[in-house]
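As C-alpha cells, the structure follows; a few thoughts come after it.
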Amino acid sequence: MDFAKVAEGKTKIVYDYDKEHYLLYFKDSITAGDGARKDEMPGKGVLNAQTSAFLFRILESKGIETHYVGMYDERTMIVKKLSMVPVEVVLRNIATGSIVKRLPIKEGEKFNPPIVEFFLKDDERHDPLLNYSHMEYFKLFTRKEAEQVEEVMKQVNNVLYNFFLEKGLLLYDFKLEFGRLGDKLIIGDEITLDSMRIREKDTLRILDKDLYRKGADLETVKRSYEEFFKRITS
Ligand code: C5P
C-alpha cells in the first residue's frame, strides 16, 4: 500500500489516505485468546471488509453515524479520521462468553433490557472490565458520554437484531469501538463475525469466531464466514 502506515493491529492496518480519511486494510489473519491462537485464513480480509461495509451501510441508512465512507478496494475501507477511544463496548442479548465465566449467569440466559459492558483495550491485562469511575479516571468517556454510547449501542442492537432475525439468525452479542471527530462520538473499527456472536435461530448452530475460539479447523471457519455473508446479503 502506497500510504504511510498509522497503526497495525492483529487483523487490520490503518494507513493515512488524505487530510480527513484513513484507509482500513483488513488482513487475512484470525486470532483468539488475545493472540494466543493465530492463523492466516486466505480470503478472510475480503469477507470481513465486505461484511463490515455492508453492516455499516445499514446503520448509516438508519441514521446511525459510523466512520464508513466507502471502499478503496475489496479489502480496504475508506473511513473518517477518528481519534479512537481504547475501549471495547459490548452489548449482550443472550448470555455466553466472558459474562458466564465472570458472573453467576447461565449460558443462554436472555437479557431484557440488554446488558452493556465496557472493557479497556489492553491485551496484556486481558481487557479488564471498566466502570464509569474508571473511565472518568483514565479520561476515556465522561459519565455523560458513556451513557450516550450505551444509547447508541441499543440503537445499533435494535437495527441489527431485527435485521439478522429476518435472516433466521440470532445476535447474541456484539462489540463496537468509538472514536472522536470534533465533539462527536462516532462508531469506528468493524462489525464482523470476529466482533459479534451469531447463532442460527432454529438450531443454535454457531456461525461466528467462536468456531475458531473453540478449535474448529480453518476450512470450517471460512465456510461459515462465507455462508453468513451470503445469508445477510441475499
Ligand atoms: O468474550 P466476551 O464474551 O466478552 O465477548 C463479547 C463480544 O465481544 C463477542 O461478540 C466478542 O466477539 C466480542 N469481542 C471482540 N473483541 C474482543 C473481545 C470480545 O470483538 N477483544
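Quick one: is G215 within 25 Å of P42 (Cα to Cα) and either among the aliphatic types (A, V, I, L, M) or more than 15 Å from the chain's Cα centre (by Cα) (or both)? The answer is yes for G215. If you go through the stretch 182-196 and keep only what is surrounded by 21 or more Cβ atoms within 10 Å (Cβ to Cβ) and either aliphatic (A, V, I, L, M) or touching a Gly at 6+ places or on another chain (Cβ under 7 Å) (or both), you end up with I187, G188, I191, L193, M196. Restricting to the stretch 54-74, what's the tally of residues that are more than 30 Å from E107 (Cα to Cα) and surrounded by 21 or more Cβ atoms within 10 Å (Cβ to Cβ)? Residues meeting the conditions: 3.
Scanning the stretch 145-153 turns up no residue that is touching a helix residue (DSSP H, G or I) at 6+ places or on another chain (Cβ under 9 Å), closer than 18 Å to L55 by Cα and not assigned by the TED database to the domain that holds E20.
Here is the figure for the stretch 88-128: residues that are outside any loop (DSSP other than H, G, I, E, B), exposed (fewer than 11 other Cβ atoms within 10 Å of the Cβ) and away from the ligand (no atom under 11 Å from the Cβ) total 5.
Okay, residues lined up against (1) surrounded by fewer than 18 Cβ atoms within 10 Å (Cβ to Cβ); (2) under 19 Å from N93 (Cβ atoms); (3) of a type in the set (A, V, I, L, M, F, W, C):
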position: F164; (1), (2), (3): no, yes, yes
position: Y172; (1), (2), (3): no, yes, no
position: L176; (1), (2), (3): no, yes, yes
position: R180; (1), (2), (3): yes, no, no
position: D202; (1), (2), (3): yes, yes, no
position: K209; (1), (2), (3): no, yes, no
position: L218; (1), (2), (3): yes, no, yes
position: V221; (1), (2), (3): no, no, yes
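The values are calculated or read from the model by the stated rules, or taken from the named source; none is laboratory data. Being a predicted model, the structure only gives us computed values, none of them experimental. Glycine gets a Cβ as well: all are built from the backbone with ideal geometry, and neighbour counts include every protein chain shown.
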